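To start, the structure itself, in structure tokens.
The values are calculated or read from the model by the stated rules, or taken from the named source; none is laboratory data. These numbers were taken from a predicted model, which means no experiment stands behind them. All Cβ positions, even for glycine, are placed from backbone atoms using ideal geometry, and neighbour counts span all protein chains on display.
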Amino acid sequence: MRSQLNDAYQAIYDARDQVERADHDYRKGGGPDKLNRANRALADATQNLYDVQSGAVRDTR
């Protein structure tokens, strides 16, 4: 459990970094696709954290 929790927090940290970088690129004239993917990754990482905290069984097949 502790390892899954640490992994979930690390995934959120990494996703926030990706969003920050993608936002910077977008503000400099880049397309929205990279920013959208980064925001989706952050949403997925956050949902994964909620699942781990709730004790949901993960399908690892």
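What the table below lists for this structure:
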item: Those residues of segment 24-49 which are within 9 Å of the chain's Cα centre (by Cα) and among the charged types (D, E, K, R), in sequence order; result: Arg40, Asp44
item: Candidate set: segment 1-21, residues that are within 12 Å of Ala43 (Cβ to Cβ) and aliphatic (A, V, I, L, M); chosen: the one farthest from the chain's Cα centre (by Cα); result: Val19
item: Check on Tyr50, among the aromatic types (Phe, Trp, Tyr) and touching a residue at least 24 places away in the same chain (Cβ under 8 Å); result: no
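This table checks each residue for (1) at pLDDT 95 or above; (2) surrounded by 15 or more Cβ atoms within 10 Å (Cβ to Cβ); (3) part of a helix (DSSP H, G or I).
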site: Tyr13; (1), (2), (3): yes, no, yes
site: Arg21; (1), (2), (3): yes, no, yes
site: Gly29; (1), (2), (3): yes, no, no
site: Leu42; (1), (2), (3): yes, yes, yes
site: Ala45; (1), (2), (3): yes, yes, yes
site: Val52; (1), (2), (3): no, yes, yes
site: Ala56; (1), (2), (3): no, no, no
site: Asp59; (1), (2), (3): no, no, no
